[in-house]
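Structure, as structure tokens:
Read-outs throughout are calculated quantities, based only on the coordinates presented, and are distinct from any laboratory measurement. Source: prediction; values computed, not measured. Note: ideal-geometry Cβ built from the backbone for every residue, glycine included; neighbour counts use all protein chains shown.
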Ligand code: RBF
Ligand code: MG
């Protein structure tokens, strides 16, 4: 099916924008990084009121003001050890406002009682930043979640989602929403 490069009206409409400030948690190790699409998992909070699906918006990560590099530690998540450094290794250029695409869905792990939200930020980060603060402004809806026959087909759709995010956010009233991330 042909997809449009711009989604949503020229002026954001209810329920958008939805802004949340939270921290980055660990995912379930299904490894979107290996697909070239690393995602920051966040507790859905207010985002849980949104329909499952794919969204675009703005994101900004910041080193946690309340943690120092000395507090970095490894945490066992399933059978993986992950380094929680609270974003203490982030450079200033990593802490700017970037476009993002986000997937909100039901996580079977929680027996469909809880939604999960994962954010792919359109910026090349060098290291990981579990525990960092993240501000997210969800600005518009792209599409419902689909199930795919192949990983390639999913990745191809996500690449198109990224183009939709860039084009949709280029509009004046969407650029203005960056102010919500101060
Ligand atoms: N998973 C799906 O099963 N169907 C989707 O339509 C789908 N869309 C996604 C869109 C974006 C922008 C992102 C970041 C993820 C999406 N995912 C989707 C989730 C993807 O399967 C997940 O990132 C990997 O499983 C790694 O956790
Ligand atoms: Mg992830």
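Here are some notes:
- Stokes-Einstein D for region 113-158, Kirkwood Rh over Cα pairs, 37 °C, 0.692 mPa s (µm²/s): 236
- Cβ crowding within 10 Å ranks 118, 96 as 96, 118, fewest other Cβ atoms first.
- The Stokes-Einstein estimate for region 1-104, based on a Kirkwood radius over Cα pairs and taken at 37 °C with 0.692 mPa s viscosity, is a diffusion coefficient of 203 µm²/s.
- Fully extended contour minus Cα-Cα distance, from residue 156 to residue 20, at 0.36 nm per residue: 46.2 nm
- On Cα atoms only, tilt of 151-169 relative to the major axis of the chain in degrees: 70
- Over the chain, equivalent-ellipsoid semi-axes from the Cα gyration tensor in Å: 25, 20, 15
- Euclidean distance between Cα centres, region 135-155 to region 29-98, Å: 18
- Sequence-distant contacts, meaning Cα pairs under 8 Å at least 6 residues apart, place the relative contact order of region 1-153 at 36 percent.
- One way to sum up the overall shape of region 82-182 is the equivalent ellipsoid from its Cα gyration tensor, whose semi-axes run 23, 21, 14 Å, largest first.
- Helix content alone sets the calculated 222 nm mean residue ellipticity of the chain: runs of n ≥ 4 DSSP H residues at -39500 (n - 2.57) each, divided across all residues, give -4000 deg cm²/dmol.
- Potential extension, residue 33-residue 72 segment - 0.36 nm per residue separation minus Cα distance: 11.9 nm
- Within region 1-110, antiparallel bridges make up roughly 100 percent of the DSSP beta bridges whose residues both belong there.
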